[in-house]
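Single-structure report; data block below.
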Amino acid sequence: MNAFSTTQSSLQDKKLQVKIAELQGKKHLPEQLVALVAEVSRLQSSYLPRVIFTGGRESLGEAVIQKISPQEKRYGGLPILPSKEFPLDMPLVAELAKALLGTLSEKASMPAAYAAELAAKLDEPGLFEAACRETLDPSLSEKELSLLGAWEKEHPEAPHFFRFLATSAAMPSLVAVGRILGAEHDKEKVWPHGHCPVCGSLPLIGRLADKEGRRMHSCSLCGFEYRAPRLDCPFCLAMESAGAEYYASEDEPGYLLAVCKPCMNYFKLGDFREFDRPWFPLLDDLSSLTLDLYAAQLGYKRPTLSGWGF
């Protein structure tokens with residue numbers, strides 16, 4: 001059985017349409033951006049059930065399985081599988097990339113010259129996979145991203161196209177692997193570390209779940225959701241007493257901004273317990289954009305890129 005069944009896919013698609021309609025109602029979000037994100041999300045959702053990783057460890061391949069961390073070593077913070085070791089269903093990644101390239105040309109008005117250059121990169125054996133691999137390796141600094149960095153240096157007027165393409169095309173593979181490996185993590189236990197228990201990446205956004213307000217974080221790379229400490233900073237792990245502050249905005253009901261004075265980072269939380277709204281981490285990250293702008297005004301930063309590679 002696929003890690004993402006047909007029934008789950010149908011339900012997810014319905015929730016996705018509700019969330020897209022919510023985004024379309026945000027007057028501060030550019031119409032072109034929402035149209036692009038909506039189409040990319042639909043494409044990713046349609047490709048997810050087709051990923052070759054079908055729900056069990058054996059589908060990951062023996063070479064990957066051997067790199068999975070032993071159970072007894074994970075309690076201290078070791079991820080199940082470091083992100084740079086994640087397998088990619090490259091035939092599907094390449095197919096999705098070509099579909100996304102068409103979407104970028106149509107929805108983002110990508111110049112024909114850029115589209116042709118990126119199409120050539122997709123056709124060059126091994127090059128696009130290497131670019132996707134750069135996005136999976138947290139040990140690489142921005143200056144060490146040879147392929148993505150070269151594009152951004154050569155095209156400063158449109159630096160994000162190549163990264164967007166690589167990040168978005170790899171997403172279904174990463175989510176599928178994250179779900180397989182995430183089944184080995186006890187989601188009822190609080191994970192006290194500042195990174196994803198599956199792949200070791202930083203969290204993108206969080207939410208307060210259930211009546212008791214359990215704090216759940218979504219990984220910025222594999223999308224796995226895990227239970228986190230209720231009051232700690234997700235980045236430096238400072239407790240609330242060390243200088244955390246929370247902000248809410250009447251213009252963004254259902255979202256909270258948590259800032260940490262010790263490390264000067266911020267984190268966003270969704271609190272939909274009193275709202276009948278679906279939760280999509282990538283789209284809710286965009287929906288709550290005004291909180292990012294407010295955090296920047298206060299002098300805080302976020303150490304993760306958005307879910308769109310920016």
Item to complete: Return yes when residue 253 is modelled with pLDDT of 90 or more and open to solvent by 30 Å² or more (accessible area, probe 1.4 Å) and no when it is not.
Response: yes
Discussion item. Under 8 Å between Cβ atoms, which residue pairs at least 6 apart in sequence (or on different chains) link something in the range 113-131 that is open to solvent by 60 Å² or more (accessible area, probe 1.4 Å) with a partner that is part of a helix (DSSP H, G or I)?
Written reply: 129/90; 129/93
Worksheet item: Somewhere in the range 88-107, is a residue within 30 Å of residue 183 (Cβ to Cβ) and open to solvent by 50 Å² or more (accessible area, probe 1.4 Å)?
Response: yes
Discussion item. Please go through the range 18-48 and give me each residue that is surrounded by fewer than 15 Cβ atoms within 10 Å (Cβ to Cβ) and out of contact with any helix residue (DSSP H, G or I) (no Cβ under 7 Å at 6 or more places or on another chain), ordered by number.
Written reply: 18, 21, 25, 27, 30, 31, 46
Practice prompt. Output the residue which, of all residues in the range 157-195 that are surrounded by fewer than 19 Cβ atoms within 10 Å (Cβ to Cβ) and in contact with a helix residue (DSSP H, G or I) (Cβ under 7 Å, 6 or more places away or on another chain), is nearest to residue 307 (Cα to Cα).
Written response: 159
Worksheet item: Among 15, 27, which is of a type in the set (D, E, K, R), in a loop (DSSP other than H, G, I, E, B) and at pLDDT below 95?
Response: 27
Worksheet item: Does residue 39 satisfy being touching a residue at least 60 places away in the same chain (Cβ under 8 Å), charged (D, E, K, R) and either within 26 Å of residue 161 (Cα to Cα) or not in a helix (DSSP H, G or I) (or both)?
Response: yes
Item to complete: Take the range 206-261 and flag every residue that is of a type in the set (D, E, K, R), in a loop (DSSP other than H, G, I, E, B) and under 19 Å from residue 79 (Cβ atoms).
Response: 232
Worksheet item: Of all residues in the range 65-88, how many are part of a helix (DSSP H, G or I) and either farther than 13 Å from residue 184 by Cβ or hydrophobic (A, V, I, L, M, F, W, C) (or both)?
Response: 4
Discussion item. Given the condition in a helix (DSSP H, G or I), touching a residue at least 12 places away in the same chain (Cβ under 8 Å) and more than 29 Å from residue 287 (Cα to Cα), answer yes or no: does some residue in the range 42-57 qualify?
Written reply: yes
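The values are calculated or read from the model by the stated rules, or taken from the named source; none is laboratory data. Note that the structure is a prediction, hence the values are computed from the model and not measured. Cβ sites come from the backbone with ideal geometry, for glycine too, and all protein chains shown count toward neighbours. Calculation scope for accessible area: heavy atoms of the full protein, side chains included, ligands and nucleic acids excluded. Shrake-Rupley method; radii C 1.70, N 1.55, O 1.52, S 1.80 Å.
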